[in-house]
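The values are calculated or read from the model by the stated rules, or taken from the named source; none is laboratory data. This one's a predicted model, so the numbers in the text were calculated from it and none came from an experiment. Note that we place each Cβ from the backbone using ideal geometry, even for glycine, and neighbour counts take in every protein chain shown.
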Amino acid sequence: MKTLLMLLAALGVAHASAQHPGASHGHRPTGSSYAGEESREIKALSAEEQRGWREGSGAGLARAAELNGHPGPMHVLEHAEALRLSASQKKETEALMARHKEEVRRLGAELVEAERELDQLFRTRRATAASIRNLTDRIGSLQARIRASHLITHLQQTAMLQPEQVAAYDRLRGYTR
């Protein structure tokens, strides 16, 4: 029994050493999953995330609509022929897409700037509880408005389509009901 306990203890140390070099020698693991991000222009957002917000990418923000039978204009336009969109449906969808993109790009640019302000407060050591609350409330509001825009756009798009077009869209996108 004593031998078994010693073997299990040794295996535990070996496992810890493999996962955290130096752990078996009394050293704590160092490093952070954030390592390398300290050189970012805005610490909380990668360049790709900044670009996504500024370009108005969906990034799954309308998933609740998309996966519950409410098509989005970008994919409706991609499948315009298969959906047999009328000329007026196509024109209305293009206009909806243009309005939506204009709105979310403007809001996305505001969000990136708010994140830049938050980063600047910490960089310059001027962050206070009040300034943090103010900026994070603003950032949260912008995120909510962007998501709402994506979801509402799906709702508006659905209203432009016939039920059979919505069903065809779901099939084309690989959603089965």
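Determine which member of the set LEU85, LEU107 is among the aliphatic types (A, V, I, L, M), modelled with pLDDT of 95 or more and under 18 Å from ALA144 (Cβ atoms).
Working: LEU85 fails: under 18 Å from ALA144 (Cβ atoms).
Answer to the check: LEU107.
Could you list, in sequence order, all residues of the range 38-49 that are surrounded by 13 or more Cβ atoms within 10 Å (Cβ to Cβ) and either out of contact with any Asp or Glu (no Cβ under 8 Å at 6 or more places or on another chain) or part of a loop (DSSP other than H, G, I, E, B) (or both)?
ARG40, LYS43, ALA44, SER46, GLU49, listed by residue number.
Name the single residue, out of those in the range 50-76 being assigned to a helix (DSSP H, G or I) and touching an Asp or Glu at 6+ places or on another chain (Cβ under 9 Å), that is surrounded by the fewest Cβ atoms within 10 Å (Cβ to Cβ). If you could, list the steps in order and put the result at the bottom.
Filtering the range 50-76 down to residues assigned to a helix (DSSP H, G or I) leaves 50-55, 63-66, 73-76.
Going one step further and asking which of them are touching an Asp or Glu at 6+ places or on another chain (Cβ under 9 Å), we end up with 50, 53, 73, 75.
Numbers: GLN50: 20, TRP53: 23, PRO73: 22, HIS75: 17.
Among them, the one singled out is HIS75.
Within the range 86-112, count every residue that is crowded, with 17+ Cβ neighbours inside 10 Å, aliphatic (A, V, I, L, M) and more than 23 Å from ARG40 (Cβ to Cβ).
2
Look at GLU115 and say whether it is more than 30 Å from GLN162 (Cα to Cα), out of contact with any Lys or Arg (no Cβ under 6 Å at 6 or more places or on another chain) and crowded, with 18+ Cβ neighbours inside 10 Å.
Working: more than 30 Å from GLN162 (Cα to Cα): yes; out of contact with any Lys or Arg (no Cβ under 6 Å at 6 or more places or on another chain): yes; crowded, with 18+ Cβ neighbours inside 10 Å: yes.
Against the criterion (more than 30 Å from GLN162 (Cα to Cα), out of contact with any Lys or Arg (no Cβ under 6 Å at 6 or more places or on another chain) and crowded, with 18+ Cβ neighbours inside 10 Å), GLU115 qualifies.
Only one of (1) within 25 Å of SER86 (Cβ to Cβ); (2) of a type outside the set (A, V, I, L, M); (3) crowded, with 16+ Cβ neighbours inside 10 Å fails for ARG147. Which number is that?
(1)
What single numbered condition from (1) surrounded by fewer than 16 Cβ atoms within 10 Å (Cβ to Cβ); (2) hydroxyl-bearing (Ser, Thr, Tyr); (3) within 25 Å of the chain's Cα centre (by Cα) fails to hold for TYR169?
(1)
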